[in-house]
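Have a look at the structure below before the remarks.
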Amino acid sequence: MSHAAVQEKPTPVPPPENKGSLAGRSLPRWAPAGFAAAAIVIGVAVGAGAGLDSKIQWGLIAAVAFVVISYTVTTTVENKRQAKDRLATSVVWVCFVLAMVPLVSLLWTTISRGVKVLDVYFLTHSMAGVPSFEKGGGVYHAIIGTLEQVGIATVIAVPLGLLTAVYLVEYGKGALAKAVTFFVDVMTGIPSIVAGLFILSIMLMAQLQPAGYLGSLALTILMLPVVVRSTEEMLKLVPNELREAALALGVPKWRVILKVVLPTAIGGITTGVMLAVARIAGETAPIILLVFGNQLINSNPFEGAQSSLPFYIYEQYKVGSDASYDRAWAAALVLIIFVMLLNLVARGIARWKAPKTGR
C-alpha cells in the first residue's frame, strides 16, 4: 500500500481582536465602586501630601482621579468604545456628586443648627413679650402668616395661570397669543423687589395700611408666570390623538379640555403648581415692604401687619444674638419642612388624579 499523505485540517486561527467591537472582556459590576474608592484614597493622599487644607480641593482631586482611572482601566481591559462610554458616565456621576455637595451641606447645617430650639413650644408660641436677644419665643405667628399669604396667592394665581395656559395651548392664535406669551416670559424674570414695589405704589396711592393680602398680591405676580409656563408645557405633552378621538365623538371642545386634556396632564400641572408655591414661600422682599412684620399673632390677613417665615428668619438674623440665630435656623428648618410637605401632597394628588391605565 502506497504511503498516502494524510492531509490534516489546518488549525483555525482566531480572528484578530476588533478593538471597536462590543464583545470581549468586561469589568465587573463593582468596578465603578472600586474606582471611586481608589480615587478617594488618591485625593486624600495628594491633598495631605501637598498640605492642602481645604477638603473641597481634596474632593476635586478625587473627582479628576476617578475619571482618569475609569477611562484608563476600561481602555486597558475592555476597548476604546467602552472606555468612551465609561468616561461619559463617570463625568455624569462626578457632576451629580458635585451638585449634591452644596445641597447636602445646606440641609446638614440647617438641620444640625435648627433642631436646637425646634420643639412644640417653639411651634406653638409667638414672640410676644420676648426680647429678641434673649432665649424663648416661637414661630407660630410666622407660620400663620406664611400659610395665609401663600394660600391667598395660590387661590388667585392658580386659576388665572391655568386658564391662561389653556387659552395659549387650545385656543391661542395670532397677535394676542403672542403678546400674552411675551408678557409671561417677561414676568418670569421680574425680581421679587420689583413686584413688591409695584404693589407698594398702589398701596401708597390708595392710602392702604400694611396687611398680609398686599404681600399675597406681590407673591401672585411672582407665582403666576411659573404656573402658566409649567401648565402650558404639560398641556402640550398631551397627545393630539386624545383630543381628536374625543372631538370625533361629538364632544364639545370645552368638555374635551375638562375631561380629557386636564386629567391627562394633572400630574405635571400639580407639580408645577407646587414648584410655584415653593418659589414664593421663601420670598422676603415683598413681605418687608408690604406686610412690615409683627411680633404678635395676627390671624386676619386683611387687617394689620403680619409676619411670615422668611421675614422672621431675616428679623431674627438681624438681631445678631446667639438666641436669635438659633431661632432663625429653626425657622429655616420649618420652612424647608413646609416645602417638603407640599411636594409630598402634590405627589399624592398627582398619583390619585392620574388617569388609570389598563394592562
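Values quoted throughout were computed directly from the atomic coordinates according to the rules given, and no laboratory measurement underlies them. It should be emphasised that the depicted structure is a prediction, and the values quoted were computed from it without experimental measurement. Don't worry about glycine lacking a Cβ; one is built from the backbone with ideal geometry, like all the others, and counts go over all protein chains shown.
When +1 charges are put on Lys and Arg Cβ atoms and -1 charges on Asp and Glu Cβ atoms, the dipole computed for the stretch 140-353 relative to its Cα centre reaches about 700 debye.
Counting lysine pairs in the stretch 140-353 that sit 8 or more residues apart in sequence, or on different chains, and whose Cα atoms lie under 26 Å apart gives 10.
Decide, for the chain, between rounded, prolate and oblate: order the square roots of the alpha carbon gyration tensor eigenvalues as a ≥ b ≥ c, take rounded if a/c falls under 1.5, and otherwise choose prolate if a/b is larger than b/c, else oblate. Because a/c hits 1.5 or more and a/b fails to exceed b/c, the chain counts as oblate. 3J(HN,Hα) along the stretch 144-152, derived from phi through the Karplus expression 6.51 cos²θ - 1.76 cosθ + 1.60 where θ = phi - 60°, amounts to 4, x, 5, 4, 6, 5, 5, x, 5 Hz, with x in place of Gly and Pro. Comparing Asn298, Ile287, Thr270 along the charge dipole axis of the stretch 248-318, the residue lying farthest to the positive side is Thr270, per the Cβ-charge model. Between Ser299 and Trp352, the simple spin-label model (points 7 angstrom out along Cα→Cβ) gives 2.5 nm. Restricting the calculation to Cα atoms, the stretch 31-114 yields a radius of gyration followed by a Dmax of 15.0, 51 Å.
Taking GluC sites (Glu not before Pro) in DSSP loop conformation with at most 16 other Cβ atoms inside 10 Å as exposed sites, the chain has its longest uninterrupted site-free stretch at 135-302.
Estimated from the Cβ-Cβ distance and a Förster radius of 56 angstrom, the FRET efficiency linking Thr110 and Ala245 is about 0.70.
The slack in the chain from Phe133 to Ser201, taken as 0.36 nm per residue of separation less the alpha-carbon distance, amounts to 21.1 nm.
Among Asp326, Asp53, Asp185, the order by Cβ neighbours within 10 angstrom, fewest to most, reads Asp53, Asp185, Asp326. Summarising the label geometry, the points placed 7 Å from Cα in the beta-carbon direction at Leu208 and Ala50 lie 5.8 nm from one another. Neighbour counting of Cβ atoms within 10 Å sorts the residues Phe311, Phe66, fewest neighbours leading, into Phe66, Phe311.
Among residues other than Ala305 with Cβ under 14 Å from its Cβ, the summed charge is -3 (Lys and Arg +1, Asp and Glu -1).
Which angle between 0 and 90 degrees, to the nearest 10, do you get for helix 192-205 versus the longest principal axis of the chain when only C-alpha atoms count? With both axes taken from Cα atoms, the answer is about 20 degrees. If I fit a long axis through the Cα atoms of helix 309-319 and take the longest principal axis of the Cα atoms of the chain, what angle between them do I get, 0 to 90°, rounded to 10? Once rounded, the angle reads 80 degrees. If R0 equals 56 Å, the separation of the Cβ atoms of Asp85 and Ala177 corresponds to a calculated FRET efficiency of about 0.80.
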